[in-house]
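What follows draws every value from the coordinates through simple rules; no lab data is involved. The structure presented is a predicted model; accordingly, all values stated were derived computationally and were not measured. Ideal geometry is used to build each Cβ from the backbone, glycine not excepted, and the neighbour counts take in all protein chains shown.
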Amino acid sequence: MEVKGKITAIPPAVSGVSSRGPWRKVFIVVEYESGQYPKRILLSNMNKAEEFGRLRIGDVGTFKYDHSVSDKNGKYFMDTNCWSWTLDSLVHQAAATAPASPAGPEPI
């Protein structure tokens, strides 16, 4: 599946250690247009957690994802794994390249 939208929130990452070693899971919330009202989706990534973790609130792009459901002792959990993304605009890059404001008060 695919969604095009803007990152509106970045929940805390989770991490731990399994039998295969340490792991980290990063999350983002993407708001997108769907009908009359905007919708939001929570996306996660473990395989490229470091790169996914560099995304910032305000970044706009296209996010490709898959759903999966797991059963743990009769309780069901859904994960929405983002496996690919392409950014249209980068808020944090735009801020880094903006000209610095002059020091001190402006002349009258």
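Here are some notes:
- One chain, two ends: Lys64 and Thr8. Fully extended at 0.36 nm per residue, the span grows by 18.5 nm beyond their Cα-Cα distance.
- For Ala13, neighbours were defined as the other residues whose beta-carbon sits under 10 Å from its Cβ, and their charges (Lys and Arg +1, Asp and Glu -1) total +2.
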